[in-house]
1. When the residues of segment 99-115 are narrowed to those that are under 27 Å from ILE30 (Cβ atoms) and among the hydrophobic types (A, V, I, L, M, F, W, C), which ends up least open to solvent (accessible area, probe 1.4 Å)?
2. Could you count how many residues in segment 22-65 are closer than 11 Å to VAL76 by Cα and in contact with a Ser or Thr (Cβ under 6 Å, 6 or more places away or on another chain)?
3. May I ask you to verify whether ASP14 is surrounded by 13 or more Cβ atoms within 10 Å (Cβ to Cβ), modelled with pLDDT under 95, charged (D, E, K, R) and closer than 22 Å to MET86 by Cβ?
4. Pull up segment 31-83, narrow it to residues that are part of a loop (DSSP other than H, G, I, E, B) and of a type in the set (A, V, I, L, M), then point me to the one that is most open to solvent (accessible area, probe 1.4 Å).
5. State the number of residues belonging to segment 31-45 that are over 19 Å from GLU88 (Cβ atoms) and under 12 Å from the mean Cα position of the chain (by Cα).
Amino acid sequence: MKNKIIEVLETIMDPEIGIDVYNLGLIYDIQIIDDNKAKISMGLTTMFCPLAATIPLMIIDQLKEKLNVDVDVDIVYDPPWTPLRMTEKGRAMFKERFGYDIVEMYKQTTQVDKE
């Protein structure tokens with residue numbers, strides 16, 4: 001069931017970035033409670049994301065419609081989202097859409113891997 005949930009999550013686009021919530025790395029954890037119930041922990045690209053209420057509702061609606069799964073979506077702020085959470089697919093999608101590798105840019109502008 002987890003794979004089916006991921007397939008649905010890959011159809012739910014972050015409206016501002018245009019990359020799906022799964023490959024963007026917003027999904028931190030998926031717990032299967034039973035055949036019709038799941039719990040998802042997700043982060044946001046910023047604590048002040050204007051879509052903080054919208055994206056969880058999109059997830060809830062799509063999982064109910066496509067898989068008949070009731071899902072609780074918890075937004076977590078720790079750890080904060082960074083581009084390092086993106087999947088390789090998400091990273092490639094970002095590069096194609098915006099013309100640069102966000103992970104490499106992030107590494108160059110932060111202390112990541114500079115020790």
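The values are calculated or read from the model by the stated rules, or taken from the named source; none is laboratory data. Every value quoted in this text rests on a predicted model; they were computed, and no experiment measured them. Virtual Cβ from ideal backbone geometry, glycine too; neighbours counted across all protein chains shown. Keep in mind that these areas ignore ligands, DNA and RNA; they rest on the heavy atoms of the full protein, side chains included. Shrake-Rupley method; radii C 1.70, N 1.55, O 1.52, S 1.80 Å.
1. VAL103
2. Final tally of qualifying residues: 2.
3. Numbers: surrounded by 13 or more Cβ atoms within 10 Å (Cβ to Cβ): yes; modelled with pLDDT under 95: yes; charged (D, E, K, R): yes; closer than 22 Å to MET86 by Cβ: yes.
Against the criterion (surrounded by 13 or more Cβ atoms within 10 Å (Cβ to Cβ), modelled with pLDDT under 95, charged (D, E, K, R) and closer than 22 Å to MET86 by Cβ), ASP14 qualifies.
4. Step by step, filter segment 31-83, then rank; the result is MET47.
5. Residues meeting the conditions: 4.
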